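J.: Before I ask anything, let me first share the structure, which is written out below as structure tokens.
The values are calculated or read from the model by the stated rules, or taken from the named source; none is laboratory data. Nothing here was measured: the structure is a model prediction, and the numbers come from that model. Cβ sites come from the backbone with ideal geometry, for glycine too, and all protein chains shown count toward neighbours. What goes into the accessible areas is simple: the full protein's heavy atoms, side chains included, and nothing from ligands, DNA or RNA. Shrake-Rupley method; radii C 1.70, N 1.55, O 1.52, S 1.80 Å.
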Amino acid sequence: MELDKKFDFKDREKEIYSRWEQSGFFNPDKLKAKSSKLEADRFSMVLPPPNATGTLHLGHAVMLVVQDILARFNRLIGKKVLWLPGTDHAGIATAEKVEKLIYKKEKKTRHDLGREEFLNRVDEFVEDSRDVIRKQVRAMGASLDWDRESFTLDDKRSRAVNEAFKRMYDAGLIYRGNRIVNWDPKMQTTVSDDEIEWEDGVDPFYYIKYGPFVIATARPETKFGDKYVVMHPEDKRYAEYKDGQEIELEWINGPIKATVIKDKAIDMEFGTGVMTITPWHDNTDFDIALRHDLDKEQIIDLNGKLLPVAGEFAGMHISKARPLIVEKLKEKGLLEKVDEKYSHRVAKNSRGGGMIEPQILDQWFVDVNKKFEFKKADFSTDSLEIKDGKELTLKELMQRAVREGKIKFLPERFEKIYFHWIDNLRDWCISRQLWYGHRIPVFYCSKKQEFQNHESGIMNYEEKAVVETVKPKECPVCGECEMRQDQDTLDTWFSSGLWTFSTLGWPEETEDLKLYHPTDVLETAPDIIFFWVARMILMSGFLIGDIPFKNVYFHGLLRDKEGKKMSKSANNGVDPIQVIEQYGADALRMSLIVGNAAGSDLVVSDDKFRAYRNFVTKVWNATRFVLMNYDDSLEEGELIEEDRKILDEFRVAKDGIKEHVKNFRLHLAAEEAYHYFWHTFADKIIEDLKPRLKEGGENRESAQTLIMTLLKEQLVMLHPFMPFVTEELYQQLPLKDKKGFLMIESWN
RNA sequence: GCGUCCUUAGCUCAGUGGUAGAGCGCUUCCUCGACACGGAAGAGGCCAUAGGUUCAAUCCCUAUAGGACGCACCA
């Protein structure tokens with residue numbers, strides 16, 4: 001059969017993918033495993049679920065390529081490979097995006113639409129972008145088991161979320177409490193610590209007389225209620241003032257009585273070494289207030305407006321009130337001086353951009369320091385060497401899984417970052433005042449419980465909540481009312497934390513769980529190590545007593561030519577489909593893997609795509625040459641001595657590549673495979689064999705056998721990296737023991 | 001402030017305790033029955049700087065400079 005001069009990837013890739021898909025071999029149930037030992041036999045990964053709000057860019061393509069190489073390689077070495085796809089509802093990110101779109105088009109807020117209508121709109125939007133994502137993922141050649149496709153918000157996953165919440169609540173690890181949280185007045189929701197972005201800012205720094213002291217602040221608008229003045233116990237300048245001493249002084253809106261507090265949290269070097277505290281709107285102040293059991297008063301409401309404590313300024317937005325307050329302080333002679341060039345950092349919500357205003361709110365938290373009784377689920381493996389019934393905290397659990405080597409990070413240095421994060425970890429606020437997400441599975445008696453809108457200010461739940469995975473038919477409190485579910489939704493990472501096992505059927509004890517959990521590798525970007533990787537370890541450890549994965553491979557972030565990180569927010573993402581249409585998926589895949597060492601960033605450009613597109617053509621033409629010179633009337637001959645040697649050398653190179661893949665050195669594997677094919681096989685071996693392959697050449701059988709063997713084994717070897725062209729060419733080879741697909745050939 | 005990583009050919013980056021590697025680009029030659037998205041030959045590097053360890057350092061250690069990043073603090 002005569003081949004064209006080039007691989008027609010535009011037409012062929014789609015066709016090849018759909019034939020793979022129809023074959024069913026993406027589903028491990030259809031694969032026959034080589035051995036009968038389960039552990040040796042299976043290989044599993046979950047695809048980090050992309051946010052269902054957007055479409056994929058080249059950064060996601062890196063992730064797909066790395067994982068598909070692992071999946072295809074393991075299939076070739078005879079494992080039952082499960083690679084499970086899905087998408088993430090990405091609560092806050094999606095809500096923000098859809099709200100913005102609706103407002104732009106219709107000038108309506110989510111409150112104008114109402115909860116139900118708003119959620120319908122989000123669902124529509126999400127459905128559309130998931131279709132795009134599915135198409136993009138297929139175009140990359142990703143050999144995912146679509147039969148098991150999941151969504152963090154689908155029925156099964158929601159059930160798992162409710163179950164997880166209840167179990168953690170019952171163990172005392174989830175509690176409701178009034179604590180200081182990060183409040184985003186713009187999106188009207190709490191935000192987790194990890195979702196905050198710190199921006200450098202330069203603002204005026206005001207030195208204000210406070211009785212005998214001078215205090216310094218960048219935020220005079222928070223100071224109305226300040227009635228505690230704090231200094232370091234060892235500060236000699238203020239030695240005459242004693243802890244607990246009361247002082248009468250003139251303040252913004254008249255005379256007040258202040259109490260002196262001595263606390264080591266004060267930095268003597270900073271400002272005047274004296275500060276007043278605003279426990280309701282500052283983390284450090286909150287901690288000080290807790291330590292000394294001080295009163296806490298709210299100054300700013302959830303919309304960023306001043307409360308009645310501000311007197312004449314009540315009802316004013318803080319940004320408007322600040323200059324007026326400064327003016328008043330000046331008039332009263334309380335303003336000592338202003339440092340105009342004070343640089344500090346301001347907290348911003350990284351999803352949507354509102355300025356964070358700390359608030360004390362009644363929210364749901366996961367307690368990371370409380371001891372619980374460790375328990376393994378029946379199906380879990382022995383990968384964590386913690387005995388059933390042992391008491392430990394979630395922090396300790398997360399530390400042990402990595403410290404004891406049960407989970408390995410690649411590159412290793414990320415382990416340090418991980419431990420450091422755990423050391424500084426505070427309780428995880430998991431409730432969000434968003435509509436899109438998993439509604440918190442807590443129910444209240446409508447008769448005994450007063451419900452207040454979050455918009456109105458402080459919430460106060462006195463009654464005990466009923467935590468159930470499904471809404472109770474009868475109200476256990478009054479016995480007659482229709483119970484009301486908590487208005488809030490869960491932090492999106494709560495559900496992603498369950499991903500390795502919720503996708504396998506948990507809380508049912510399914511065959512999939514027994515077979516495929518823990519997964520072998522989690523391959524992801526280093527920027528979600530805290531959001532996701534850590535939370536998966538936490539959830540899996542508590543809920544099933546197991547690790548979620550054995551290895552974590554962090555790939556490098558993709559940068560554009562200017563060196564900027566490709567991301568949704570930076571809006572510099574390139575649609576992989578664009579590159580695929582121009583150069584083919586195989587070329588894109590090679591470009592994204594060669595030179596991409598774990599954890600180091602990668603810059604790609606058209607030059608690189610072109611180079612590997614040329615390689616695709618090279619493989620194509622070398623195969624064409626072999627086929628053109630193949631005489632099928634010849635018997636397959638024994639290899640003569642020198643041919644045998646060439647084959648042996650090749651097998652050494654091939655084994656080296658196999659080792660590279662097994663050790664996650666994919667960039668080296670790809671490069672060496674490339675190099676062998678082009679510069680050894682094509683440039684040397686083919687050239688040397690040309691005379692012998694011509695009619696009348698010597699040892700023609702041996703030459704033909706050698707070249708066909710080398711070609712076939714190289715197609716297998718290259719297949720994980722460039723699946724399309726290799727599959728297409730494999731189909732053309734005149735082999736006796738040919739499998740239906742190269743995808744299920746064996747790499748021996 | 002604490003910590004991590006990077007600095008290698010013109011560009012983008014691999015890599016190793018023992019003569020420096022790739023891709024692109026560049027120079028010269030070549031349309032030869034696989035391929036010009038090709039072939040052959042080649043130029044190009046004190047492996048950031050200064051010390052140290054070693055028989056031997058681009059690689060290990062210590063400092064310095066420049067760059068990137070993570071974490072904490074910021075009254």
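J.: State all residues of segment A:517-556 that are within 16 Å of RNA strand B (Cβ to nearest atom) and assigned to a helix (DSSP H, G or I); if no residue qualifies, say none. Break it down into steps so the answer makes sense when it comes.
T.: So the first thing to find is which residues in segment A:517-556 are within 16 Å of RNA strand B (Cβ to nearest atom), and the list is A:524-535, A:552-556.
Within segment A:517-556, A:526, A:527, A:528, A:529, A:530, A:531, A:532, A:533, A:534, A:535 meet the criteria.
J.: Can you tell me which of A:479, A:505 is in contact with an Asp or Glu (Cβ under 7 Å, 6 or more places away or on another chain), farther than 17 Å from residue A:407 by Cβ and not hydrophobic (A, V, I, L, M, F, W, C)?
T.: Working: A:479 fails: in contact with an Asp or Glu (Cβ under 7 Å, 6 or more places away or on another chain).
Exactly one of A:479, A:505 is in contact with an Asp or Glu (Cβ under 7 Å, 6 or more places away or on another chain), farther than 17 Å from residue A:407 by Cβ and not hydrophobic (A, V, I, L, M, F, W, C), namely A:505.
J.: Filter segment A:674-726 for residues that are within 10 Å of RNA strand B (Cβ to nearest atom) and of a type in the set (Asp, Glu); which is least open to solvent (accessible area, probe 1.4 Å)?
T.: A:683
J.: Do the conditions hold for residue A:665, that is, is it within 13 Å of RNA strand B (Cβ to nearest atom), out of contact with any helix residue (DSSP H, G or I) (no Cβ under 6 Å at 6 or more places or on another chain) and open to solvent by 60 Å² or more (accessible area, probe 1.4 Å)? I'd like the intermediate steps shown before the answer.
T.: Working: within 13 Å of RNA strand B (Cβ to nearest atom): yes; out of contact with any helix residue (DSSP H, G or I) (no Cβ under 6 Å at 6 or more places or on another chain): yes; open to solvent by 60 Å² or more (accessible area, probe 1.4 Å): yes.
Considered against the rule, which asks whether it is within 13 Å of RNA strand B (Cβ to nearest atom), out of contact with any helix residue (DSSP H, G or I) (no Cβ under 6 Å at 6 or more places or on another chain) and open to solvent by 60 Å² or more (accessible area, probe 1.4 Å), residue A:665 comes out as yes.
J.: Still on this structure: Condition first: open to solvent by 30 Å² or more (accessible area, probe 1.4 Å) and in a helix (DSSP H, G or I). Now tell me which residues in segment A:396-408 satisfy that.
T.: Correct list: A:396, A:399, A:400, A:403.
J.: Among (1) in a helix (DSSP H, G or I); (2) surrounded by fewer than 19 Cβ atoms within 10 Å (Cβ to Cβ); (3) hydroxyl-bearing (Ser, Thr, Tyr), there is one condition residue A:129 misses while meeting the rest; what is its number?
T.: Residue A:129 satisfies every listed condition except (2).
J.: Within segment A:224-253, can you find the residues that are of a type outside the set (S, T, N, Q) and touching a residue at least 40 places away in the same chain (Cβ under 8 Å)? Steps first, answer last, please.
T.: Of the residues in segment A:224-253, the ones of a type outside the set (S, T, N, Q) are A:224-244, A:246-252.
Matches in segment A:224-253: A:224, A:225, A:226, A:227, A:228, A:229, A:230, A:231, A:232, A:250, A:251, A:252.
J.: Name the helices (runs of 4 or more DSSP H) wholly inside segment A:1-118 in which the number of residues that are more than 28 Å from residue A:739 (Cα to Cα) is 1 or more.
T.: Details: elements: A:9-23, A:38-41, A:58-76, A:91-106, A:110-113.
Per the criteria, A:58-76, A:91-106, A:110-113.
J.: Further question: Just to check your reading of the model, which residue among A:685, A:707, A:657 is of a type in the set (Val, Ile, Thr) and within 30 Å of residue A:408 (Cα to Cα)? Working first, answer last.
T.: On the way: A:685 fails: within 30 Å of residue A:408 (Cα to Cα); A:707 fails: within 30 Å of residue A:408 (Cα to Cα).
On inspection, the qualifying residue turns out to be A:657.
J.: Sticking with this one: Would you be able to tell me the number of residues in segment A:478-492 that are assigned to a loop (DSSP other than H, G, I, E, B), open to solvent by 20 Å² or more (accessible area, probe 1.4 Å) and modelled with pLDDT of 85 or more?
T.: Total meeting the criteria: 1.
J.: Okay, next question. State yes or no: is residue A:138 in a helix (DSSP H, G or I), under 26 Å from residue A:32 (Cβ atoms) and open to solvent by 40 Å² or more (accessible area, probe 1.4 Å)?
T.: Working: in a helix (DSSP H, G or I): yes; under 26 Å from residue A:32 (Cβ atoms): yes; open to solvent by 40 Å² or more (accessible area, probe 1.4 Å): yes.
The answer is yes for residue A:138.
J.: Count, please, the residues in segment A:619-662 that happen to be open to solvent by 60 Å² or more (accessible area, probe 1.4 Å) and within 11 Å of RNA strand B (Cβ to nearest atom).
T.: 1
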